1. Within the range 72-90, work out how many residues are without any contact (Cβ under 8 Å) to a residue 12 or more places away in the chain and either closer than 22 Å to L130 by Cβ or not in a helix (DSSP H, G or I) (or both).
2. Look at L95 and say whether it is under 19 Å from the mean Cα position of the chain (by Cα) and not polar (S, T, N, Q).
3. Name the single residue, out of those in the range 182-206 being surrounded by 11 or more Cβ atoms within 10 Å (Cβ to Cβ) and not in a helix (DSSP H, G or I), that is modelled with the highest pLDDT.
4. Failed condition for S131, given (1) buried (at least 20 other Cβ atoms within 10 Å of the Cβ); (2) in contact (Cβ under 8 Å) with a residue 24 or more places away in the chain; (3) under 29 Å from K181 (Cα atoms), with all others met?
5. In the range 24-53, how many are crowded, with 19+ Cβ neighbours inside 10 Å, assigned to a helix (DSSP H, G or I) and of a type in the set (A, V, I, L, M, F, W, C)?
6. Please go through the range 11-21 and give me each residue that is among the β-branched types (V, I, T) and over 15 Å from L38 (Cβ atoms), ordered by number.
Amino acid sequence: MADFKTHTLVATVISGGLGVAALATGLATPADAFCYWLAGTLGGLLPDIDSDESLALRIVFRLFGALVAGLLAFYWMTTLPAWQVAGLACAGYLLVRFVLLALFARVTVHRGILHSLLANLLFGVVAVLLSYHLFALEVRQAWGIGGFVLMGATVHLLLDEIYSVDLAGMRIKRSFGTALKLTDWQQPGLTLLLLVASLTGFWLSPGASAWVQSLDLALPALSGMDALAVSDLLAWLQKGWQALRAV
């Protein structure tokens, strides 16, 4: 299994490279590329929040606690005295940082369902929802952040599987196959819960078609595999290729 440093380094490098590529091709602004880089790096840590002693778990819950504290302060700052607002914010942070973290650590198992592609999908959907509904980002930015979170989390699973193969000893470790999996079939209840949560998140997310339209590369309406539909598809691909060459 890859360690925290390896996961962070690889996620940072890959996210940074893809962010620069998006910037160079005109698919992202400098601010977008920076957000994508942070999102991909954070996504590279998320699967390890099921490890009770992991640094990733503490980092994520510190960030979540700070977010809850900020939201409480923002909501009550105009109706309560400053000392009460500060008390509520501190209480919200401590509740998340210690109580919620302890409960989460008790019910999760390392290399369990959170080390799965289904969990990664949920991570990405939650990132889209937070970006669009909470931070009021544009549709393009929200889906980009969600995509980078999903990518970073998937890179994490791939690294765990790579480190499960001992090339020096020419053997496969017992941990092989426990990270990169669709879901944990031994937990059908949690699998159903994550699936329902992911589908609900997609339903609440902004339409991805607005993202495609913002790139000025509208997908052709294909009603069947006729000559006109194929021609429209080829024209769309050619338009995209010309846009890339013009950079």
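The values are calculated or read from the model by the stated rules, or taken from the named source; none is laboratory data. Small disclaimer: the values here were computed from a predicted structure and weren't measured. Note: ideal-geometry Cβ built from the backbone for every residue, glycine included; neighbour counts use all protein chains shown.
1. Going through the range 72-90, the residues without any contact (Cβ under 8 Å) to a residue 12 or more places away in the chain turn out to be 74-75, 77-84, 87.
Next, only the ones that are either closer than 22 Å to L130 by Cβ or not in a helix (DSSP H, G or I) (or both) stay: 74-75, 77-81.
Going through the range 72-90 one residue at a time, the tally reaches 7.
2. no
3. Selected residue: S205.
4. Of everything listed in (1) buried (at least 20 other Cβ atoms within 10 Å of the Cβ); (2) in contact (Cβ under 8 Å) with a residue 24 or more places away in the chain; (3) under 29 Å from K181 (Cα atoms), S131 misses just condition (2).
5. 7
6. Pass one, the range 11-21, residues among the β-branched types (V, I, T): 12-14, 20.
If the condition is that a residue be among the β-branched types (V, I, T) and over 15 Å from L38 (Cβ atoms), then no residue fits.
Each row is one residue, and each column tells you yes or no for (1) modelled with pLDDT of 85 or more; (2) in a loop (DSSP other than H, G, I, E, B); (3) more than 19 Å from A33 (Cα to Cα).
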{"site": "N120", "(1), (2), (3)": "yes, no, yes"}
{"site": "V126", "(1), (2), (3)": "yes, no, yes"}
{"site": "L130", "(1), (2), (3)": "yes, no, no"}
{"site": "H156", "(1), (2), (3)": "yes, no, yes"}
{"site": "A168", "(1), (2), (3)": "no, yes, yes"}
{"site": "W211", "(1), (2), (3)": "no, no, no"}
